[in-house]
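Asker: Sharing a structure, written as structure tokens. Questions coming.
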Amino acid sequence: MAEFISAQTAAERVISLIDTEVEIKDFGELSKIKRIKGDIEFKDVYFSYKEGEDVLEDFNLKVKAGQSIALVGETGSGKSTIVNLLCRFYEPTRGTIFIDGMDYKTIPLSKLHSSLGYVLQTPHLLAAL
């Protein structure tokens, strides 16, 4: 019986996700974008999860294609938020993100997501043998 209730709860969660209205709109056209080179610019970007509580304030960053950078800071300083904004999992409250000089909202989500690699930092702890 407990397994049935657990399965029902999981199914209800899946259905609620399917019924959720998409907030990130795709305005890009596939025919306009052949290849993403990879120049990235955050210009005057603000972001907040809750109104009035900015996680990023007037954030600016330029990264050239092929350049490697590290986002370093304390927990809650906005590192994951920056990556999530770039992936368009969220959109800035204010400001603009450019990829190859274009507002990233004009790039189709499918093209953007297929051009990005997202590697999470996950610590692995091994027990002594």
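Asker: For GLU21, GLU51, which order do you get if you count the other beta carbons within 10 Å of each Cβ and list the fewest first?
Answerer: GLU21, GLU51
Asker: Hey, what do the phi angles of the stretch 100-108 turn into as Karplus ³J(HN,Hα) couplings, whole Hz, using 6.51/-1.76/1.60 and θ = phi - 60°, x for Gly and Pro?
Answerer: Those phi angles translate into 6, x, 9, 4, 5, 6, 8, 8, x Hz.
Asker: What's the local net charge at ILE69, with K and R +1, D and E -1, over the other residues with C-beta under 14 Å away?
Answerer: It works out to a net charge of +1.
Asker: If I compute Cα Rg over 2.2 N^0.38 Å from the structure I just sent, which labelled value in [x] 1.21; [y] 1.33; [z] 1.11 lines up?
Answerer: Working out Cα Rg over 2.2 N^0.38 Å from the coordinates points to [y].
Asker: May I pose another question? Angle between the Cα long axis of helix 2-19 and the longest principal axis of the chain, 0 to 90 degrees, nearest 10?
Answerer: With rounding to tens, the tilt is 30 degrees.
Asker: Pull up all non-local amide H partners of SER48: gap of 5 or more, or a different chain, and H-to-H distance under 5 Å with H placed in the peptide plane.
Answerer: For SER48, whose amide H was placed from the backbone, the distant partners under 5 Å are VAL55, THR93.
Since every read-out is calculated from the coordinates, none of them should be taken as a lab result. Since we're looking at a predicted model, the values are computed, not measured. All Cβ positions, glycine included, derive from the backbone under ideal geometry; neighbour counts span all protein chains shown.
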